[in-house]
Amino acid sequence: MIRFDSVGRTYDDGTVAVHDLSLEVQPGEICAVVGPSGCGKTTAMRMANRLGSPTTGRIFIDGRDIATEDPVALRRGIGYVIQQVGLFPHQSVRTNVGTVCRLLNWDASRIATRVDEMVQMVGLDPDQFGDRYPSQLSGGQRQRVGVARALATDPPVLLMDEPFGAVDPVARGLLQEHFHTLVKSLGTTVMMVTHDIDEAVRLADRIAVMRVGGVLEQYAAPAEILARPSSDFVADFVGSDRVLKGLVRTPIVGSLLDAAGSQTVSASPQLHVGDSLRLGLSCVLGEPSGSVSVYDDGQLVGALTMDAVHRHLRRPTEVA
Amino acid sequence: MIGQLFAWFTDPANWTGPNGIPTRLAQHLVMSGLAMVIAIVIAVPLGMWLGHSGRKPGLVLNLGSIGRAVPTFAVLVILASWDPVGVGDLAAILALALFAIPPILVSAYDGIRAADPDVVDAARGMGFTGRQILRQVEVPLSVTYLASGIRTSTVQVVATASLAALVGGGGLGRYVVDGFATQDAVLVIAGALLTAGLAVVTDLVLGRAQVLATLPALRVRKSSQALGIGFGLVAVFALMVAPSALASMRGSSSGASVDGPIVIAAYSFGESKVMAQLYAQALQAQGIDTQVRELSSREVVEPALEAGDVGLVPEYLGTVTEFLNKKVNGTSAAAVASGDVEATSQELSKLAGPLGITVFTPSPAADQNAFAVTLAFAKEHGFKTVSDLSVYSHQNPLLLGGPPECPTRPFCQPGLVSVYGMKLSSFVPLDAGGPLTKQSLAQGKTDVGLVFSSDGGLGVQGLVVLDDDKHLQTADNLVPLISSSIATPQVRKILNAVSAALTTDLLVSLNKQVDIDRKDPAVVARAFLVAHGLI
Amino acid sequence: MESANPWLSWSYVQDNSAALVSAGIEHLWITVASMALGIVMAVPLTLLARRHAPWAPSLLSGSGILYTIPSLALISALWPLFGLTNLTVIVALALYALLILLRGALLGLDEVPADVVDAARGMGMSDREIMVSVEFPLALPTILSGLRVATVSTVGLVTVGALVGHGGFGTLILGGLNENFYHAKIFTATIACVALALILDFALRALERGLTPWAKVAV
């Protein structure tokens, strides 16, 4: 869906922002571009909707070379969310969300329905929030409205630049989860830039790791990157606790569990099928008996132990 | 125009004497300086105190907008009309000071308030005394803000000081006002350039000073300012000079219509206005449409009369005859006006006819230029005639007050000097026998002044006219000059009837009603016309 | 001394209501015409300055210099071209208004948050759409404030037009001076002028509030 073909960006003074970047994001995939400050990730992403132009190489969206298209028309077909969101302060939430719909000349009733739909989809009550001004919203609420605005016309592609960066940590987790569910249900292809490797691991289907100088170090699924970083740089960036990080993507399933023995049912915490293995490990470590009961729909299905975790980690690895 | 301006600026006569550029510049700067001193002395302590105590923030905030809403020009005129102050520089200084106080007060206030309360708190917590905080924190910040406020104020004051000339003050604005009075475009533009130039230079110099007074941390570096300033200076010069250059290329334009009401010109003193009303209403009563317009001087009116933009003007026989004489025959032409009304009238017709102007029968009423002094002064030295005064002047040169064009009028300053041998120390441009001149005499700011013999208010102000024993003044009977294209027999009959009904004494009483009793000239004229059966 | 010459005189107002009204109409007309002309000139200059951003600071400091020209000087300089008509006053005052409006517009547009403009551009708004739907509305508070200051300032400057016989209330003020210091005339005209300025100031403040509802409701 999104294809970078040997894309490079060098400034007049000789600085190389992006160097020979080639990657492809499949339809419906979430691709996270990560790296330290100055690695060119934002520059690269902004070239996808022609807010910047490559000095070398080409970018294709849905098979079309974007350089041949009218930039304004192109952008109307791509969702765009930035860190500070950039909601129009002088317009209500409803008006903000309907921005691109109006640019595409949808008729008024269609816009009105769609807008309320989108506001609902991001978890806000249209009646309560529809007519508020951005200054009357919290950071998290503004973020949601920004996403609603970007997806209002159900664009095939969504570009995001540190979308959850300005939100407080407590709200962030919820937003990320919600967001993931939303775009997956819409089938949108997402390219998002973040400096937060945890966020990338949680949300992305594939992660592109870049280093300063605009060089792509590795482009693979989170599990792959965590398990087999292709270079010292990637390993460093991912962090030496990468094993722990990787557990966040693994859900607890029945096959991991030991039989529920005669151990007393642990009062708290309770684990459920589907919780992340990382949470499971945390509970196991805190449990004196080293074993935590796991439920599914209220039914006790087994126990999670340290051994179970080790077994999982030592299984023969497959490419994700 | 550019050539004429260059000639004016390079003429050494314009650089010397009481009307020279250095003198006027000095007056301008002194006025501005005094106004600023007064304003600073009042506004800075007051603003700082208000800022320190934190009181009345609302008042300070609104002071700015209220200050903007009151036009300086109005305050200037109010002060000049108020007896304790009177016309002249003092009115300007006070008005400018009042005008400068709000911005300075606000900047002093802001300066004190700008000391971040957190910083002051921390300083106090560290053991700074109140005075140390004041000296090391609040004052340096204040200086920054004050520098900005004072710079802006000073530039505005220097610019607005140009208005002082409108109320008889000095300064560079004098050239503009005098230029308008004599319709001398070169003088007007030269004045405009000088006043604009001074304001701009002041702004640049103070701008530099302000940067130096600003805390380095708060300075804003604007490297492109030089380009902007250059562009601004060029634009200022162009703006001052280009319109007149354009106009002279295009040739004179006339805005008045040929058909339509007869435009009757009146000069801006009561007698001229009531005369214009007398003629206007007499014509109007016979179904002839008229419109009275106030214009500033003969130099404006006469060409307009020739061109047909003005249809009728009540004039003064001897004075206008000599005016046309000089215009037609050159400035060194021999005088043709005299004390003989008949002879002078014929000379006038001879001059006016070829210019498209018709002269009707002069009225018995006459308003001569006359020279007046205060009654007390006259009594003290036993002055009865102008010659008496001249003798006195040899040991005690006199200050002469009169209309701005007086130095060029043969019956005014030049006449006093050449015919009477009077010694004058200097000339103060005021108005043509109007309130400025009379007030100036009454207040002792001038010794002798040009007034009009039919002025209804001389006695009231303690002034007396000295006899024109050498007949410097010619017969100045009221006489209507009319554009030949509208000088029909009917119009002639109507206007002559009005003229004939007037005598000098009647004229004096009309003037008193307008100038002293402050009645509307139109109302006074109507009453007269009705009383004499003319309408 | 002389006959009574009170500053406040109701009989003056009654007797001269026609003159006061016609002076008021001239005053208002010149104010409105000058502001309109100023706005008409300000719009293209603002857009030009935005397009050639490096020129903006020069334009601002240059216009600051022009603003120091005394009103007496500017009106006189224009007189040869426009004669003793109200056009002389209107053009001069329009230039002063232009300088204030330009400053307000450029400052206002500069204050528009960059991220909002970036979001707008990224969503596919053209430059013109961005200016019309985003930048201009967000710059409006500062622009309107400049409009208000320019208007009040213009009302005061109209009085100087008395120099060429078109000063609205200023003509009455100058006339009062020349009519033997007619206090009532001078003072009444002054009060009327100040009242006009305050009324316009008030009205424009209300307009500011009405046009920018989002500015009031900060959390």
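The values are calculated or read from the model by the stated rules, or taken from the named source; none is laboratory data. Just so we're clear, the structure is a prediction, and the values are computed from it rather than from any experiment. When we count neighbours, we look across all protein chains shown, and the Cβ atoms used for this are built from the backbone with ideal geometry, even at glycine.
Check A:Val145, A:Val157 and return the single one that is touching a Phe, Trp or Tyr at 6+ places or on another chain (Cβ under 9 Å) and at pLDDT 90 or above.
Result: A:Val145 is the single residue among A:Val145, A:Val157 that is touching a Phe, Trp or Tyr at 6+ places or on another chain (Cβ under 9 Å) and at pLDDT 90 or above.
Out of contact with any Asp or Glu (no Cβ under 9 Å at 6 or more places or on another chain), within 14 Å of chain A (Cβ to nearest Cβ) and buried (at least 17 other Cβ atoms within 10 Å of the Cβ), is that true of C:Gly104?
Criteria not met by C:Gly104.
If we keep just the residues of segment A:95-114 that are at the interface with another protein chain (Cβ under 8 Å from one of its Cβ atoms) and of a type in the set (A, V, I, L, M, F, W, C), which is surrounded by the fewest Cβ atoms within 10 Å (Cβ to Cβ)?
A:Leu103
With the requirement that a residue be farther than 19 Å from B:Asp184 by Cα and at pLDDT 85 or above, what does segment B:239-269 give you?
Scanning segment B:239-269 gives B:Ile262, B:Val263, B:Ile264, B:Ala265, B:Ala266.
In segment A:276-284, is there at least one residue being outside the structural domain of A:Ala48 (by TED's automatic domain parsing), farther than 25 Å from A:Pro169 by Cα and not hydroxyl-bearing (Ser, Thr, Tyr)?
no
Select from segment A:158-189 the residues that are surrounded by 20 or more Cβ atoms within 10 Å (Cβ to Cβ), of a type in the set (A, V, I, L, M) and more than 19 Å from A:Gly86 (Cα to Cα) and list them in ascending order.
Result: A:Val183, single match.
Do we find that B:Val205 is under 29 Å from the mean Cα position of the chain (by Cα) and at pLDDT 85 or above in this structure?
no
When you go through (1) touching an Asp or Glu at 6+ places or on another chain (Cβ under 6 Å); (2) surrounded by fewer than 16 Cβ atoms within 10 Å (Cβ to Cβ) one by one for A:Val273, which number turns out not to apply?
(2)
Which of the residues that make up segment B:51-106 are within 14 Å of chain C (Cβ to nearest Cβ), more than 16 Å from the chain's Cα centre (by Cα) and in a loop (DSSP other than H, G, I, E, B)?
Result: B:Val70, B:Pro71, B:Trp82, B:Asp83, B:Pro84, B:Val85.
Would it be correct to say that C:Ser153 is within 14 Å of chain A (Cβ to nearest Cβ), of a type in the set (S, T, N, Q) and without any contact (Cβ under 8 Å) to a residue 60 or more places away in the chain?
Spelling it out, it is not the case that C:Ser153 is within 14 Å of chain A (Cβ to nearest Cβ), of a type in the set (S, T, N, Q) and without any contact (Cβ under 8 Å) to a residue 60 or more places away in the chain.
Of all residues in segment C:112-140, how many are among the β-branched types (Val, Ile, Thr) and part of a loop (DSSP other than H, G, I, E, B)?
1
Looking at the structure I just gave you, is A:Ala303 outside the structural domain of A:Thr42 (by TED's automatic domain parsing), crowded, with 20+ Cβ neighbours inside 10 Å and in a helix (DSSP H, G or I)?
Considered against the rule, which asks whether it is outside the structural domain of A:Thr42 (by TED's automatic domain parsing), crowded, with 20+ Cβ neighbours inside 10 Å and in a helix (DSSP H, G or I), A:Ala303 comes out as no.
Suppose we keep only residues that are charged (D, E, K, R) and more than 25 Å from the chain's Cα centre (by Cα) within segment C:1-55. Which one would you say is nearest to B:Gly228 (Cα to Cα)?
C:Arg51
Looking at (1) under 21 Å from A:Thr42 (Cβ atoms); (2) out of contact with any helix residue (DSSP H, G or I) (no Cβ under 7 Å at 6 or more places or on another chain); (3) within 14 Å of chain C (Cβ to nearest Cβ), find the lone condition where A:Leu151 falls short.
Failing condition for A:Leu151: (2).
Taking segment A:10-41, which residues are surrounded by fewer than 22 Cβ atoms within 10 Å (Cβ to Cβ) and within 18 Å of the chain's Cα centre (by Cα)?
Those that are surrounded by fewer than 22 Cβ atoms within 10 Å (Cβ to Cβ) and within 18 Å of the chain's Cα centre (by Cα): A:Leu23, A:Glu24, A:Gln26, A:Pro27, A:Gly28, A:Glu29, A:Pro36.
Among the residues of segment B:424-458, how many are within 20 Å of B:Ala378 (Cα to Cα) and either in contact with an Asp or Glu (Cβ under 6 Å, 6 or more places away or on another chain) or in a loop (DSSP other than H, G, I, E, B) (or both)?
The total comes to 14.
Within segment B:440-452, is even one residue out of contact with any strand residue (DSSP E or B) (no Cβ under 8 Å at 6 or more places or on another chain) and within 21 Å of B:Asp89 (Cβ to Cβ)?
Yes, because at least one residue in segment B:440-452 is out of contact with any strand residue (DSSP E or B) (no Cβ under 8 Å at 6 or more places or on another chain) and within 21 Å of B:Asp89 (Cβ to Cβ).
Going by the conditions given, is B:Leu478 part of a helix (DSSP H, G or I) and touching a residue at least 24 places away in the same chain (Cβ under 8 Å)?
Answer is no for this residue.
Is it true that some residue in segment C:134-149 is within 9 Å of another protein chain (Cβ to nearest Cβ), buried (at least 19 other Cβ atoms within 10 Å of the Cβ) and of a type in the set (S, T, N, Q)?
No, segment C:134-149 contains no residue that is within 9 Å of another protein chain (Cβ to nearest Cβ), buried (at least 19 other Cβ atoms within 10 Å of the Cβ) and of a type in the set (S, T, N, Q).
Yes/no matrix, rows are residues, columns are (1) in contact with a Cys (Cβ under 7 Å, 6 or more places away or on another chain); (2) modelled with pLDDT of 85 or more; (3) crowded, with 16+ Cβ neighbours inside 10 Å:
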residue	(1), (2), (3)
B:Asp110	no, no, yes
B:Arg124	no, no, no
B:Thr129	no, no, no
B:Val137	no, no, yes
B:Thr144	no, no, yes
B:Thr152	no, yes, yes
B:Val155	no, yes, yes
B:Leu163	no, yes, yes
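Only one residue in C:Ile39, C:Ile30 is within 14 Å of another protein chain (Cβ to nearest Cβ) and assigned to a helix (DSSP H, G or I). Which one?
C:Ile30
Taking segment C:48-76 on its own, how many of its residues are at the interface with another protein chain (Cβ under 8 Å from one of its Cβ atoms) and free of Cβ contacts under 8 Å to residues at least 12 places away in the same chain?
Qualifying residue count, segment C:48-76: 10.
Out of (1) in contact (Cβ under 8 Å) with a residue 12 or more places away in the chain; (2) within 14 Å of chain A (Cβ to nearest Cβ); (3) not β-branched (Val, Ile, Thr), what's the single condition that is false for C:Arg128?
The failed condition is (1).
What residue, of C:Ile143, C:Ile173, is assigned to a helix (DSSP H, G or I), modelled with pLDDT of 90 or more and within 20 Å of B:Gly173 (Cβ to Cβ)?
C:Ile173
What's the total number of residues in segment A:62-94 that are free of Cβ contacts under 8 Å to residues at least 40 places away in the same chain, more than 10 Å from chain C (Cβ to nearest Cβ) and either in contact with a Phe, Trp or Tyr (Cβ under 9 Å, 6 or more places away or on another chain) or crowded, with 19+ Cβ neighbours inside 10 Å (or both)?
Number satisfying all stated conditions: 2.
What number of residues within segment A:114-156 are polar (S, T, N, Q), in contact (Cβ under 8 Å) with a residue 40 or more places away in the chain and over 14 Å from A:Phe88 (Cβ atoms)?
Residues in segment A:114-156 being polar (S, T, N, Q), in contact (Cβ under 8 Å) with a residue 40 or more places away in the chain and over 14 Å from A:Phe88 (Cβ atoms): 2 in total.
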